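Right, one structure below, let's go through it.
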Amino acid sequence: MNDTEIKKRVIENYIKAYNNFDIENMLKDMDERVVFRNISGGEVNMQTNGIDEFRKQAESAKELFSQREQKITALKFGESQAEAEISYRGTLAADLPEGLRAGSEIALDGKSIFHFTTAGDKIIGIDDIS
């Protein structure tokens, strides 16, 4: 398997695990030092540092949705990163402070930039951009 195929497999495994609320498999291909950033409107509105913070955030986010699905609509590879165009849909399981109620559907398009370790087989960073 070449470098691009390995990165593609890692990203596909992460997305599949995310869609299935499978936190352990989301973490399987992550480096211990992983940094996750959620960026909305050009502003970082949430960041985790390290796999333990990422796990805690993923566990709490899991409780907000009764259903969620990310679909990759395009994928571009660079030397140490990959950019995935994402179509997202989810159904809220809980009311949100912004006024959205449980049962509401959310749909948006964005992108996720996956940063990889030098070896290219572990995710060291994810930037979710919407």
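The values are calculated or read from the model by the stated rules, or taken from the named source; none is laboratory data. None of the values given here were measured: they were computed from a predicted structure. All Cβ positions, glycine included, derive from the backbone under ideal geometry; neighbour counts span all protein chains shown. Note: areas computed on protein heavy atoms with side chains; ligands, DNA, RNA excluded. Shrake-Rupley method; radii C 1.70, N 1.55, O 1.52, S 1.80 Å.
Structure summary
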{"read-out": "Folded to 0 to 90 degrees: helix 3-19 orientation relative to the chain principal axis, Cα", "value": "20"}
{"read-out": "Relative contact order, percent, the stretch 50-103 [alpha-carbon distance under 8 Å, six or more residues apart]", "value": "30"}
{"read-out": "Largest-first ellipsoid semi-axes for the stretch 22-74, taking √(5λ) over the Cα gyration tensor eigenvalues, angstrom", "value": "17, 17, 13"}
{"read-out": "Chain lengthening between E69 and I51 when straightened (0.36 nm per residue, less Cα-Cα)", "value": "4.3 nm"}
{"read-out": "Flagged links, alpha-carbon separation over 18 Å, of K8/K122; K7/K76; K56/K111; K62/K111; K16/K71; K28/K76", "value": "K56/K111; K62/K111; K28/K76"}
{"read-out": "Cα convex hull of the chain, projected area averaged across orientations, nm²", "value": "7.6"}
{"read-out": "Given charges at beta-carbon only (K, R positive; D, E negative), |dipole| of the chain in Debye", "value": "200"}
{"read-out": "Rough spin-label spacing in nm, given labels placed 7 Å along Cα→Cβ, for E83 and T118", "value": "2.6"}
{"read-out": "Of all accessible heavy-atom area on the chain, the percent that carbon and sulfur account for (1.4 Å)", "value": "47"}
{"read-out": "For the stretch 49-130: accessible area per residue (Å², 1.4 Å)", "value": "56"}
{"read-out": "Relative contact order %, the chain, counting alpha carbon pairs below 8 Å whose residues are six or more apart", "value": "26"}
{"read-out": "Ordering of 56-68, 77-89 by packing [mean C-beta count within 10 Å, highest first]", "value": "77-89, 56-68"}
{"read-out": "Packing rank of 4-12, 44-52, where each peptide gets the mean count of other beta carbons within 10 Å, highest leading", "value": "4-12, 44-52"}
